[in-house]
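The values are calculated or read from the model by the stated rules, or taken from the named source; none is laboratory data. Note that the structure is a prediction, hence the values are computed from the model and not measured. A quick note on method: Cβ atoms are made from the backbone with ideal geometry, for glycine too, and the neighbour counts reach across all protein chains shown. For the accessible areas, the whole protein counts, side chains as well, though only heavy atoms, and no ligand, DNA or RNA atoms are used. Shrake-Rupley method; radii C 1.70, N 1.55, O 1.52, S 1.80 Å.
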Amino acid sequence: QVQLVESGGGLVQPGGSLRLSCAASGIIGSISRMGWYRQTPGKQRELVAIITSIGSTNYADSVKGRFTISRGNAKNMVYLQMNSLKPEDTAVYYCNVARDYDNWNYWGQGTQVTVSS
């Protein structure tokens, strides 16, 4: 059974930092990429950052220079280090894993990040 367990969300003041973690289990086959997306009420889910199996990364323009995505040594973990947080970063953050060879992907349950003073 596939599971993605996210953690690390919470309430932080503007300018603060948070680190999100996502642990994947039960996945058969090679993961092509892992990523973080976010969604606010009434808006579409949007890409925050992704990292491929060879370590290539891609970021939304709004988070470049502030957020860093990385994978754990075990390759089934993905992290999102978020620095210099802004109120507009407030959202539910979702972890996603994907396989390209069969066009499969899976979502975590989401973790709330709130940036407010």
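What the table below lists for this structure:
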{"item": "Approximate spin-label separation Ser7-Tyr106, in nm, with each point projected 7 Å along Cα-to-Cβ", "result": "1.8 nm"}
{"item": "Centroid-to-centroid separation of the stretch 14-46 and the stretch 61-117 [C-alpha atoms, Å]", "result": "3 Å"}
{"item": "1.4 Å probe accessible area per residue over the chain, in Å²", "result": "54 Å²"}
{"item": "Local net charge near Lys75, Cβ-Cβ under 14 Å (Lys/Arg +1, Asp/Glu -1)", "result": "+3"}
{"item": "Loop trypsin sites (Lys or Arg not before Pro), the stretch 1-104 (other Cβ atoms within 10 Å of the site Cβ: 12 or fewer; DSSP)", "result": "Lys43, Lys64, Lys75"}
{"item": "Rg over Rh [alpha-carbon atoms, Kirkwood Rh] for the stretch 50-104", "result": "0.99"}
{"item": "Accessible surface of the chain [probe 1.4 Å, protein heavy atoms]: carbon and sulfur percent", "result": "47 percent"}
{"item": "Set of lysines with alpha-carbon distance to Lys43 below 28 Å, sequence-local pairs under 8 removed", "result": "Lys64, Lys86"}
{"item": "Sites Gln39 and Lys75, calculated FRET efficiency, Cβ-Cβ separation with R0 22 Å, nearest 0.05", "result": "0.25"}
{"item": "The stretch 67-76 - phi-based ³J(HN,Hα) in whole Hz, Karplus 6.51/-1.76/1.60, Gly and Pro as x", "result": "10, 9, 9, 8, 10, x, 4, 7, 6, 9"}
{"item": "Angstrom value of the Kirkwood radius, inverse mean 1/r, which spans all Cα pairs in the stretch 32-77", "result": "11.4 Å"}
{"item": "Debye intensity ratio I(q)/I(0), log10, the chain, q values 0.14, 0.15 Å⁻¹ (C-alpha model)", "result": "-0.53, -0.61"}
{"item": "Largest-first principal axis extents of the Cα set of the stretch 11-62 (Å)", "result": "39, 23, 22"}
{"item": "Distance between modelled label sites at Arg66 and Ser30, nm, 7 Å Cα→Cβ extension", "result": "3.5 nm"}
{"item": "Ala23 versus Leu47: modelled label distance in nm, points set 7 Å from Cα along the beta carbon direction", "result": "2.9 nm"}
{"item": "Relative contact order of the chain, defined on C-alpha pairs under 8 angstrom at six or more residues apart (%)", "result": "35 percent"}
